[in-house]
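Contents: one structure, followed by commentary.
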Amino acid sequence: MLTVLSGVLMITGALLAVIAGAGLQRFENVLSRMHAATKPATLGLALVLIGAAIQIPDPRSGVKLLLVILLQFSTAPVGAHLVGRAAYGAGPEMRGRIDVDELAMDRPEESSASG
Amino acid sequence: MTRIRSLVAVAWATLVWTALWGSVSVANVLAGAVIGIATILLVPVAGDARPAEAGRLRLRPLAALAFLVFFLRQLISASAVVAWEVVTPGSSINQGIVRLPLRTRSPGVATVIANAISLTPGTLTLEVAEDPFVLYVHILHLRSVEQVRGDLREVERRALLAFDPEAAELRAPEGDQHRSETSS
């Protein structure tokens, strides 16, 4: 029963990682790629590690895996934020077409700057 | 204040280091402390220049648990949406950037909200303005600005209930007002 559970978790997690990779290919600009690269991959990693923790009887390994999940969850958004911000600041070619841009409304000088 | 925060950071680093090695031994604790101190020396803890009444992060355990559950549900459903977008042919990407003025004055609470938004697929915190905090959130599928802003407000509301109940009482600032910034 536990084996089935951890198997399902790990396969789902691996699928999410594959989808994240495919998303990098399919999406057209840096900003939308950041969505594909960071979020499903983070959840995927968490699922794989939870699956692994169920399989490993030693509770100390569970603590380590939990720590990995916590660190991933606290650092992934920071990285995504910085890359996204840099891409936005780099100019229109990196940004792609944005239909509604309230940041540009508030700070026209910053978003019109070409990089 | 900065000194206390540095000490806390070193203690935390030592704890994490020991947990990673998996056993509490003199060597592990010492090594963790040395590495923690070295890290603090390399990357000092930022001093908090804000006045003390600027608001701090206050944890309400039950509401925090509710926020965690809400966040995990969002994470899973939104991951499914983005995954579906990737595997189905055709592109319905409709990018947008939406302004979200925050009611909290605490940098810690603002960080929690910005991180929760960034971790939820489909939304990514792109820029943060201070005094007062305003998040600019990149949206993968923008249909209605007001609807998205409502969803983001819901994330904010639940985070405030958990970490800054006083700010949760305040009226939400109008999101459709332009905010002219002179500096960032």
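The values are calculated or read from the model by the stated rules, or taken from the named source; none is laboratory data. Values in this document were obtained by computation on a predicted structure and should not be read as measured data. Please note: Cβ atoms are built from the backbone with ideal geometry, for glycine as well, and neighbour counts cover all protein chains shown. Note: accessible area is taken over every heavy atom of the protein model, side chains too, but ligands, DNA and RNA are not part of it. Shrake-Rupley method; radii C 1.70, N 1.55, O 1.52, S 1.80 Å.
Solvent-accessible surface of segment B:3-42, averaged per residue with a 1.4 angstrom probe and all protein chains in place: 70 square angstrom.
Measuring nothing but protein heavy atoms, the accessible surface of segment B:3-42 at 1.4 Å probe radius is 82 percent carbon and sulfur.
Per atom type, segment B:54-182 shows carbon and sulfur on 58% of its accessible surface, probed at 1.4 Å. The label point for B:W21 and the one for B:E130, both projected 7 Å from the Cα toward the Cβ, are 3.7 nm apart.
Compute for chains B and A the buried accessible surface, both sides summed, probe 1.4 Å, and express it in Å² to the nearest 100.
The B and A chains share an interface burying roughly 3800 Å².
In a simple Cβ point-charge model (Lys, Arg +1; Asp, Glu -1; nothing else charged), chain A has a dipole of about 480 debye relative to its Cα centre. When the P(r) of segment B:92-160 is calculated, the portion above 20 Å amounts to 19% of the C-alpha pairs. Across segment A:2-114, Cα-Cα distances exceeding 16 Å account for 67% of all pairs.
If the viscosity is 0.692 mPa s and the temperature 37 °C, what translational diffusion coefficient in µm²/s does Stokes-Einstein give for segment B:3-42 when Rh comes from Kirkwood over Cα pairs? Translational diffusion coefficient: 334 µm²/s. Inter-label distance, B:E169 to A:D58: 5.2 nm, where each label sits 7 Å from its Cα along the C-beta direction.
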